[in-house]
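Where a number appears in this text, it was derived from the coordinates with a stated rule and is not lab data. All values derive from a computational prediction rather than experimental measurement. Backbone-built Cβ (ideal geometry, glycine too); neighbour counts: all protein chains shown.
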Amino acid sequence: MTLVLGIESSCDETAVALVTDDRRILAERIASQEAEHRPFGGVVPELAARAHAERLAPMLEAVLAEAGVTLADVDAIAATAGPGLIGGVMVGLVTGKALAFASGKPLHGINHLEGHALSPRLVDPGLGFPYLLLLVSGGHCQLIAVEGVGRYRRLATTIDDAAGEAFDKVAKMLGLGFPGGPAVERAAMAGNPKAVPLPRPLIGSGEPHFSFAGLKTAVLRATETGRHETADIAASFQQAVCDCLEDRARRAIRAMPEASALVVAGGVAANSAIRTTLERLAAAHGLPFIAPPLRLCTDNAAMIAWAAQERIAAGLTPDADPQARPRWPLDPAAEPVRGAGVKA
Ligand code: KG4
Ligand code: ZN
């Protein structure tokens with residue numbers, strides 16, 4: 001058995017997990033920093049880094065104790081090395097380096113996006129390459145052809161905001177609080193998705209990318225008229241996001257006929273309207289639809305440990321001295337576009 005200790009600290013979740021190569025999560029902890037950031041209506045990088053630094057050591061102890069193992073039983077350490085808020089990434093990566101140095105075990109600096117991209121295989125051993133991944137979170141909105149471990153082709157990204165970022169900003173405009181996604185979804189339940197006419201940026205466009213900035217501005221204008229119920233605005237906004245994701249994903253499915261499945265990951269995948277939309281789209285193309293359980297969709301350390309397991313199994317050797325990177329595209333050949341969808 002190979003045992004990997006994973007650490008995640010790239011945004012506002014501090015997380016630690018122990019994962020085996022036969023897909024067992026022996027122990028895991030995820031500490032959200034919602035309470036720290038709520039007064040500011042968004043993630044404050046400096047506060048996030050401090051919170052990671054305070055929490056990591058006790059969480060590491062707790063996870064090792066719960067699994068009944070010590071560092072000596074661990075085969076490798078995995079820590080997120082980017083992309084993300086640089087202060088937090090450094091806290092996790094340096095902690096990983098210290099543990100690796102003290103225990104003499106190898107350290108894998110993991111790309112957070114690779115963690116999301118491979119997480120569905122942690123729960124679904126039958127999911128084979130290649131598959132089409134829609135990664136929708138607070139920091140990212142990308143369509144990725146996952147062709148193998150370490151082999152990712154970015155088909156599309158956002159030219160401005162990420163989908164989750166749009167949810168968070170709309171929640172702020174509507175006075176629904178932080179984090180915005182779940183609040184908008186709750187409000188939308190009581191609203192009419194056809195009540196407020198809103199744009200669907202880039203739908204039907206020849207280019208593959210996403211855009212949410214224009215939609216966000218249109219929501220602001222609709223709010224300012226004072227003519228619409230909050231629930232109707234929330235429902236209409238959510239419907240517009242569903243339509244955009246569906247249109248862009250459909251284009252990617254056509255561009256990737258070899259895909260074995262449509263997979264969704266990232267915090268926005270928690271949204272049931274979005275899940276239902278994607279499920280229907282996959283079915284219409286005869287593709288299985290795979291959405292990992294929510295605690296694996298949002299940021300967590302099990303996916304970071306699992307990405308290291310996949311890299312070990314694929315025979316990839318880790319960088320000798322990985323550096324913390326605020327930006328780290330999964331597909332180095334992808335053309336940079338405006339925004340690039342990294343929360344900062
Ligand atoms: O993956 P994640 O936990 O962290 C990042 O890497 O960003 O995603 C968090 C994002 C936030 O923008 C949050 O508002 C959004 O996911 N989110 C949702 C829902 N739950 C979380 N968006 C829409 N509907 C939801 N139910
Ligand atoms: Zn993430």
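Details
- Cα-Cα separations in the range 111-171 greater than 19 Å, expressed as whole percent: 33 percent
- Using the average count of surrounding beta-carbon atoms within 10 Å as a protection proxy, the listed peptides 313-320, 284-291 rank, highest first, as 284-291, 313-320.
- The chain: most fluctuating residue of His52, His37, His112 per GNM, C-alpha cutoff 10 Å: His37
- Tilt relative to the chain, helix 272-284 - C-alpha long axis, 0 to 90 degrees, to 10: 90 degrees
- Rounded to 5, percent antiparallel among DSSP beta bridges of the chain: 60 percent
- Here Arg295, Arg227 are placed in order of increasing Cβ neighbour count within 10 Å, fewest first, which gives Arg227, Arg295.
- Loop GluC sites (Glu not before Pro), the range 201-262 (other Cβ atoms within 10 Å of the site Cβ: 16 or fewer; DSSP): Glu229, Glu258
- Among the lysines of the chain, pairs at least eight places apart or on separate chains and with Cα atoms under 25 Å apart come to 10.
- Two-decimal Rg to Rh for the range 1-119 - Kirkwood Rh, Cα set: 0.97
- Cα-derived Rg over Rh, computed across the chain with Rh taken as Kirkwood radius: 0.97
- Look at where the Cα atoms of the range 21-100 and of the range 189-251 average out, and the two centres are 35 Å apart.
- Acute angle (nearest 10 degrees) that the helix 213-225 long axis makes with the longest principal axis of the chain, alpha-carbon atoms: 50 degrees
- The share of C-alpha pairs in the range 129-294 whose separation exceeds 29 Å stands at 16 percent.
- Candidates Ala195, Ala145, Ala102: whichever shows maximal mean-square fluctuation once the chain is modelled as a Gaussian network with Cα springs under 10 Å: Ala102
- Each residue in Met59, Met173 was given a count of other beta-carbon atoms within 10 angstrom of its own, and listing them fewest first yields Met173, Met59.
- Going from the fewest other Cβ atoms within 10 Å to the most, the residues Val16, Val263 appear in the order Val263, Val16.
- The range 82-202: proportion of alpha-carbon pairs further apart than 16 angstrom, %: 73 percent
- Note on the range 229-336: Cα Rg divided by 2.2 N^0.38 Å, N the number of residues, gives 1.33.
- The angle between the Cα long axis of helix 230-255 and the longest principal axis of the Cα atoms of the chain comes to about 70 degrees, rounded to the nearest 10.
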